[in-house]
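Input: a single structure, listed below in structure tokens.
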Amino acid sequence: MKFKFWGVRGSIPSPGPKTNKYGGNTTCIEIRSADDDLIIIDGGTGIYQLSQELLAKMPIDAHILITHTHWDHIHGLPFFSPIHIAGNTLTLYGGQDFVTGQGIDRTLKMQMQHSFFPIEEAALQADVSYKTVKAGEVFNIASARITPILLNHPVINFGYRIDCDGSSLFFTGDYEQQLNIYQPDEAEYLPFQAMIDENVDALVELIKGVDAFIIDSSFTDEEYQFKKNWGHGTFSAAIKLAKKAQVKKLFFTHHEPTRTDDDLDNIYQQLLSENPELDCELFIAQEGLEIQL
Ligand SMILES: [Zn+2]
Ligand SMILES: [Zn+2]
């Protein structure tokens, strides 16, 4: 299996001279099996660049796993050119929103309403279908085995483990390790903490030993003090998890829109010097970076 980053930015696209190296597009990862089966995780603006490359390879059969429906993970979907061309097949996978009860089909239909986009979902030329993903319900896409897990974020968010051709990858989507909402002297504190610990243990169990661990690392520890409960993780929390789970390669992603290339280079050097004994390789996710597992 191999994968390629097409978008690594969080929240909003951030093109410009200060983000040229790591890229300004929002989340999108292309995954290819040895048989060239195509799985895509998330449809941020990076998916548009991917779609331009796919135009030369049509007809395509694409499977897009959506971690969650915040804009930066879906706003490239209506611009995924192959959906406008007959002969292509697209399957969109995602969860059912706890609050609205709506499934992933509703997302594309809403994005493509008349007021927002010139072509409506019903007029799509490709063969488009939708599949609802449930936590812990394993499914297959060609030779790949997909395991979704629910991860803490303000909206329903799935992390996906993909096993294929004897290698493995995990992407968190947006993820902040849950904080205890109670004070240590409150009766609810310990049971709540036990629930948090159980969730983290389940995540560690699922990602144990994966070849590539791609994780939301939006904030530095200093920034995080002011961004608690925003639903995003830190570089240091990512390293902690990676150590616990003994992953082989750790990719920090979902870069803050204000984070420049120089900032990311500096953070990377600092992390290397602070973690000299780490068993896993560290990478800053970068647009265009392709890894053969
Ligand atoms: Zn995001
Ligand atoms: Zn989000």
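Heavy-atom surface analysis with a 1.4 Å probe gives the chain a carbon and sulfur content of 50 percent of its accessible area. Taking Thr260, Thr27, Thr100 as the candidate residues, the one with maximal mean-square fluctuation in a Gaussian network model of the chain, Cα springs under 10 Å, is Thr100. The separation of segment 63-92 from segment 178-224, counted between C-alpha centres, amounts to 30 Å. Using a cut-off of 16 Å between alpha-carbon atoms, which lysines can reach Lys248, once sequence neighbours fewer than 8 places away in the same chain are excluded? Of all the lysines, those that pass the test against Lys248 - Cα under 16 Å, at least 8 places apart if same chain - are Lys2, Lys208, Lys240. A cut-off of 5 Å between modelled amide H atoms, ignoring neighbours fewer than 5 places along the same chain, links Val247 with Gly209.
Probe of 1.4 angstrom, ligands and nucleic acids ignored: what's the accessible area per residue over the chain, in square angstrom? Write out the running numbers ahead of the final one.
Numbers: 13610 Å² over 293 residues.
Accessible area per residue: 46 Å².
On a per residue basis, the convex hull of the C-alpha atoms belonging to the chain measures out at 139 Å³. Could you tell me how many degrees, from 0 to 90 and to the nearest 10, lie between the Cα long axis of helix 189-207 and the main elongation axis, the longest principal axis, of the Cα atoms of the chain? The angle comes out at about 50 degrees. Rg and Dmax of segment 75-204, based on Cα coordinates, read 18.6, 62 Å. Take every pair of alpha-carbon atoms less than 8 Å apart whose residues are at least six positions apart; their mean separation over the length of segment 3-99 yields a relative contact order of 25 percent.
Cross-link reach is defined here as a Cα-Cα straight distance under 12 Å, omitting same-chain residues fewer than 8 places apart; for Lys131 the aspartates and glutamates meeting it are Asp105.
Summary of the geometry: segment 244-289 and segment 124-140, compared by the centres of their Cα atoms, lie 31 Å apart. For segment 283-290, putting each phi into the Karplus relation 6.51 cos²θ - 1.76 cosθ + 1.60 with θ = phi - 60° gives couplings of 9, 8, 4, 9, 4, x, 5, 10 Hz, in residue order, rounded to whole numbers and with x for Gly and Pro. DSSP beta bridges confined to the chain are antiparallel in about 45 percent of cases.
Stretching Gln113 away from Gln270 to a fully extended chain increases their span by 51.9 nm, per 0.36 nm per residue minus the current alpha-carbon distance.
Divide the volume of the convex hull around the Cα atoms of segment 1-125 by the residue count and you get 118 Å³ per residue. For the chain, the longest principal axis of the alpha carbon atoms and the long axis of helix 235-245 meet at an angle near 90°.
Dividing the Cα convex hull volume of segment 88-130 by residue count, how many Å³ per residue is that?
Working: hull volume 2.8 nm³, N = 43.
It comes to 65 Å³ per residue, whole-number rounded.
Computed as a quarter of the hull surface, the mean projected area of the alpha carbon convex hull for segment 234-286 stands at 3.5 nm².
Taking the convex hull of the Cα atoms, report for segment 162-293 its projected area averaged over all directions, in nm².
Values: hull surface 36.2 nm².
Averaged projected hull area, Cα only: 9.1 nm².
The values are calculated or read from the model by the stated rules, or taken from the named source; none is laboratory data. Please read all numbers here as calculations on a predicted model, not as lab measurements. Ligands, DNA and RNA are stripped out before the accessible areas are found, and what is left, the full protein with its side chains, is counted by its heavy atoms. Shrake-Rupley method; radii C 1.70, N 1.55, O 1.52, S 1.80 Å.
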